[in-house]
């Protein structure tokens, strides 16, 4: 019998994790479940029912049970205490000698048995906050306190706010569940100005949106002639000076005519036409000083 695999999300805009719900009857998308995670027992919401899924070790943890109304009330109760925990932690950090760390958020497990603090560092190096974890453990006795360092993109996702492009909610906090690798090459390929303000997000890293249309630009550029390439247009031969992948058009500089814009279908590669012209002039297909005609001539009389 094929196991019933479900995707569970622990945050409204968060990554989906797979669990085995074969032992839970009539489970549906939108139901809340209790599962065991690396951060202890957590309450999550079923985001999807999947046909097949796999994990690196080939094992998928089972769902403990469906969440009860009491579990939901309990989680809300502890969520209301997260702001208080965040303030307490920031206050104790301010009294220490550590000045390069910022506490970003606090998160209780649904039953309050675990408390996790997310923090960032200006240097992005691993910071030992054992002293802070111990102090917060004394503030919340009976609760296991954990400290988790997160990167600039995760900080932007947790804090939310307006995006650098003007959207009221940043992409990372609005719909992105995972961060894709982004490089400066993606901006160059799309012809975007490399001015920092144009390609940098509120997190201080390259904008996530640079990856959205990158593959389309790469595919389009393969169909268009490169800059500097000689082409044949309806107005004559010229050199490509600019390409427009979105509209599949190119600008061509034509002698005595100037710069004109043409669609991809209106262009023919100059080098291919030149090769055909030369071949037509020499049916043998040879280039340079051809001796075929001399070889085919009858021998001179002795």
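Can you find a residue in the stretch 67-75 that is assigned to a helix (DSSP H, G or I), within 32 Å of the chain's Cα centre (by Cα) and surrounded by 12 or more Cβ atoms within 10 Å (Cβ to Cβ)? Yes; the residues of the stretch 67-75 include at least one that is assigned to a helix (DSSP H, G or I), within 32 Å of the chain's Cα centre (by Cα) and surrounded by 12 or more Cβ atoms within 10 Å (Cβ to Cβ). Of the set (1) surrounded by fewer than 16 Cβ atoms within 10 Å (Cβ to Cβ); (2) free of Cβ contacts under 8 Å to residues at least 60 places away in the same chain; (3) under 21 Å from residue 154 (Cα atoms), all apply to residue 15 but (2). Taken together, 100, 55 contain a single residue that is in the same structural domain as residue 136 (by TED's automatic domain parsing), touching a strand residue (DSSP E or B) at 6+ places or on another chain (Cβ under 9 Å) and either at pLDDT 95 or above or loosely packed, with under 13 Cβ neighbours inside 10 Å (or both), which is 100. Kindly list the number of the only condition in (1) under 27 Å from residue 41 (Cα atoms); (2) assigned to a loop (DSSP other than H, G, I, E, B) that fails for residue 146. Among (1) under 27 Å from residue 41 (Cα atoms); (2) assigned to a loop (DSSP other than H, G, I, E, B), residue 146 violates only (2). Annotation: of all residues in the stretch 208-227 being assigned to a helix (DSSP H, G or I) and touching a residue at least 40 places away in the same chain (Cβ under 8 Å), the one that is surrounded by the fewest Cβ atoms within 10 Å (Cβ to Cβ) is 223. Among the conditions (1) modelled with pLDDT of 90 or more; (2) touching a helix residue (DSSP H, G or I) at 6+ places or on another chain (Cβ under 6 Å), residue 151 misses just one, which is (2). Candidates in the stretch 111-126 are the residues that are in contact (Cβ under 8 Å) with a residue 60 or more places away in the chain and not in a loop (DSSP other than H, G, I, E, B); of these, the one that is nearest to the chain's Cα centre (by Cα) is 116.
Here residue 30 fulfils each of the conditions (1) in contact (Cβ under 8 Å) with a residue 24 or more places away in the chain; (2) in a loop (DSSP other than H, G, I, E, B); (3) touching a strand residue (DSSP E or B) at 6+ places or on another chain (Cβ under 8 Å) apart from (1).
A residue that is in contact with a strand residue (DSSP E or B) (Cβ under 8 Å, 6 or more places away or on another chain) and modelled with pLDDT of 90 or more occurs nowhere in the stretch 161-179.
State which residue is modelled with the highest pLDDT when the search covers only the stretch 232-253 and only residues that are in a strand (DSSP E or B) and either at positive phi or out of contact with any strand residue (DSSP E or B) (no Cβ under 6 Å at 6 or more places or on another chain) (or both). Ranking the candidates gives 244 first. Would you mind stating whether residue 158 is touching a strand residue (DSSP E or B) at 6+ places or on another chain (Cβ under 7 Å), within 30 Å of residue 192 (Cβ to Cβ) and in a helix (DSSP H, G or I)? Taking the combined requirement at face value, the residue satisfies it. Among the residues here, residue 191 does not qualify as surrounded by 12 or more Cβ atoms within 10 Å (Cβ to Cβ) and in the same structural domain as residue 265 (by TED's automatic domain parsing).
Take the conditions (1) over 15 Å from residue 145 (Cβ atoms); (2) more than 27 Å from the chain's Cα centre (by Cα); (3) surrounded by 13 or more Cβ atoms within 10 Å (Cβ to Cβ); residue 60 misses just one of them, which is (2).
The values are calculated or read from the model by the stated rules, or taken from the named source; none is laboratory data. Keep in mind that this is a model prediction, so the values were computed, not measured. Here the Cβ is made from the backbone with ideal geometry for all residues, glycine too, and neighbour counts use every protein chain on show.
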